[in-house]
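> Let me give you the structure first, and then I'll get to my questions.
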Amino acid sequence: MGLDGSRALITGASSGIGRAIALALAADGCQTLLTGRDSQRLAEVAAETGGRTVVADLSEPDGLGRVADAAASFPLPDLVVHAAGIGRFERMAGGTGVDDDGTHDDGTLLATNYLAPVRLTRALLPAMLDRGSGRLVFVGSIAGLLGVAGESEYAASKAALGTFAASLRAELSGSGVGVTTLIPGVVDTPFFERRGLPYQRRFPRPVPAARVATALLRALDREQAQVVVPGWLRVPIALQACTPQVYSRLAGRWG
Ligand SMILES: NC(=O)c1ccc[n+]([C@@H]2O[C@H](COP(=O)([O-])OP(=O)(O)OC[C@H]3O[C@@H](n4cnc5c(N)ncnc54)[C@H](OP(=O)(O)O)[C@@H]3O)[C@@H](O)[C@H]2O)c1
């Protein structure tokens, strides 16, 4: 899709991947509507992109409603990027479902990572279909395709989002509204600090958020259904799909 002059709603625009996507879209001539919870960081991104902002908590119905209203009167976006998301590191055995500081629980995780994009889509889709054009981008995760020890609930929330996106893509076939799933591997953002455990593995090395944004823009240009960053992650994805036994043995060895 041509981005110059188009309008994009980006959730999670105040940090990390969402911020990088907002900067890249603005550099390509998009008008941006940016959402996040942190008003100061969001204002900084708005200053860099020239975008408008809506400060809102997407795990709360009123926050979601304000973003949907702002998007509908933006006027209606051509592109919606669902990048807001949170992680949780907790092993099932002995876990409580509540973060140590008591602010987040497994319900917030599901509300932010799965329900918010689904409900925002439900709110905006009818008008996009009436117009007969647009693209929805769902930011999934390699965790949602392969599963990750200690992050089972996070991985499941992303798997749910990925399956939702695949089903929606089939449902919208021929409508003029397309669906792209962005599957990042490990990306250098504050995500890991916030999930309750900093990233500690030596491999794979985190990639810069700007690289994810560049890959997404290329995928949008080609109207791709899915983009995986870094690209070599397609190898374990294919391995797990084709030979789950072999994949499971290798994953057990390398983690
Ligand atoms: N980093 C990785 O390695 C990685 C890998 C795969 C997938 N992902 C996915 O990529 C997406 C972006 O993550 P990131 O790495 O950029 O992390 P990040 O830097 O922590 O950014 C997360 C963004 O989501 C927003 N957000 C979180 N909870 C929210 C809520 N309840 N309501 C509204 N906004 C909320 C945050 O807003 P505030 O900062 O304003 O609170 C922030 O803008 C997430 O969906 C994540 O699951 C990340």
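The values are calculated or read from the model by the stated rules, or taken from the named source; none is laboratory data. Only a predicted model underlies this, so the values are computations on that prediction, with no experimental measurement involved. Neighbour counts are summed over all protein chains in view; Cβ atoms, including those assigned to glycine, are modelled from backbone coordinates with ideal geometry. The accessibility values were calculated without ligands, DNA or RNA, using every heavy atom of the protein model including side chains. Shrake-Rupley method; radii C 1.70, N 1.55, O 1.52, S 1.80 Å.
> Suppose a student asked you for the relative contact order of segment 1-112, using Cα pairs under 8 Å spaced at least 6 residues apart; what percent would you report? Please list the in-between numbers first.
Numbers: 183 pairs, mean separation 29.7, N = 112.
RCO, segment 1-112: 27 percent.
> Work out how much length residue 48 to residue 166 would gain on full extension: take 0.36 nm times their residue separation and subtract the Cα-Cα distance, in nm to one decimal.
39.2 nm
> Please state the charge dipole magnitude for the chain, taken about the Cα centre, from unit charges on C-beta atoms (+1 on K and R, -1 on D and E), reported in debye and rounded to the nearest 20.
Computed about the Cα centre, the dipole is about 880 debye.
> Let me ask you something else. Considering only DSSP beta bridges where both residues belong to segment 7-254, give the percentage that are antiparallel (nearest 5). Display every interim value, and only then the final one.
Numbers: 1 of 29 bridges.
Looking only at bridges with both residues in segment 7-254, the antiparallel portion is about 5 percent.
> Per the Cauchy relation, a quarter of the hull surface: what is the mean projected area of the convex hull of the alpha carbons in segment 7-254, in nm²?
Average of the hull's projected areas for segment 7-254 equals 13.3 nm².
> Still on this structure: Got a sec to turn the phi values of segment 230-238 into Karplus ³J(HN,Hα) couplings, 6.51 cos²θ - 1.76 cosθ + 1.60 with θ = phi - 60°, whole Hz, x for Gly and Pro?
Calculated HN-Hα couplings, in order: x, x, 5, 5, 5, 5, x, 4, 5 Hz.
> Counting other Cβ atoms within 10 Å, which trypsin sites (Lys or Arg not before Pro) in segment 44-131 have at most 13 and lie in a DSSP loop?
91
> With a cut-off of 8 Å between alpha carbons and a minimum separation of six or more residues, what is the relative contact order of the chain in percent?
That works out to 19 percent.
> At 1.4 Å probe size, with every protein chain present, just tell me what the per residue accessible area of the chain comes to in Å².
On the way: 12240 Å² over 255 residues.
That works out to 48 Å² per residue.
> Please determine, in degrees from 0 to 90 and to the nearest 10, the orientation of helix 209-221 with respect to the longest principal axis defined by the Cα atoms of the chain, where the helix direction is its Cα long axis.
Long axis of 209-221 versus the principal axis of the chain: about 60 degrees.
> OK, next. Roll a 1.4 angstrom probe over the protein heavy atoms and tell me the percent of accessible area of segment 15-120 that is carbon or sulfur. List each step's numbers first, then the result.
On the way: 2330 of 4730 Å².
Roughly 49 percent of what the probe reaches on segment 15-120 is carbon or sulfur.
> Please give the helix 39-49 orientation as an angle from the longest Cα principal axis of the chain, in degrees from 0 to 90, rounded to the nearest 10.
Result, in degrees: 60.
> Additional query: Could you tell me the center-to-center distance, by alpha carbons, between segment 151-217 and segment 1-79 in angstrom?
Cα centroid to Cα centroid, the span is 18 Å.
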